[in-house]
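The values are calculated or read from the model by the stated rules, or taken from the named source; none is laboratory data. Only a predicted model underlies this, so the values are computations on that prediction, with no experimental measurement involved. Virtual Cβ from ideal backbone geometry, glycine too; neighbours counted across all protein chains shown. Accessible surface is based on the protein model in full, side chains and every heavy atom, while ligands, DNA and RNA are left aside. Shrake-Rupley method; radii C 1.70, N 1.55, O 1.52, S 1.80 Å.
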Amino acid sequence: GESVGLHLPTLSVQEGDNSIINCAYSNSASDYFIWYKQESGKGPQFIIDIRSNMDKRQGQRVTVLLNKTVKHLSLQIAATQPGDSAVYFCAENREKGGSEKLVFGKGTKLTVNP
Amino acid sequence: DAGITQSPRHKVTETGTPVTLRCHQTENHRYMYWYRQDPGHGLRLIHYSYGVKDTDKGEVSDGYSVSRSKTEDFLLTLESATSSQTSVYFCAISDRQSDTQYFGPGTRLTVL
């Protein structure tokens, strides 16, 4: 889920297929993770979250997997629909200087082809 | 949608002019945040507030100031706007610092 320069990683899928969006995080002490969806011209929208004491959490058509060993987070979207087209980014809750901050990845652009 | 509004939604201004962006929430959340979003950088924290009149700097606070005189309102001020402050600005709220943040619709600011 990390971008290089100005270009976001992209994922293009066919309508009805499953999508998997990945995110690497850097701080092994991070204990809370969130996936957001951002449609063009809109603010980020909460999708699903997971705490570090869990490996998997399911929502409606979405599943988040957390692999703490390799510090990897993934978002799975089942039966992807055109309305799922958006930029998806992860956030980790990181302790810094005695306070907690959400640190955001740069995102992955998902395009769903009809 | 979380009860967060931002105003204005779009603004074009000239270098050197002061600009104030407003965030208003109806959720009575304690924490409020201002972020900017630029291509290649993702969301970066400018300032945040943990209560009325309690604020702290984020990672890109230079050139910005904030104020929170009421629980529901968080203002971001650019004292003298520069072209590097052209960006999309998002306000967010959360009940606790470790909780999910919910975002407003954003303000697109262009500094000419």
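For the stretch B:5-23, a residue qualifies if it is open to solvent by less than 50 Å² (accessible area, probe 1.4 Å) and assigned to a loop (DSSP other than H, G, I, E, B), and the qualifying residues are B:Pro8, B:Gly16, B:Thr17. The strands (runs of 3 or more DSSP E) falling completely within the stretch A:14-114 that include 2 or more residues that are open to solvent by less than 70 Å² (accessible area, probe 1.4 Å) and away from chain B (no Cβ under 13 Å) map to A:19-24, A:62-67, A:72-77, A:108-113.
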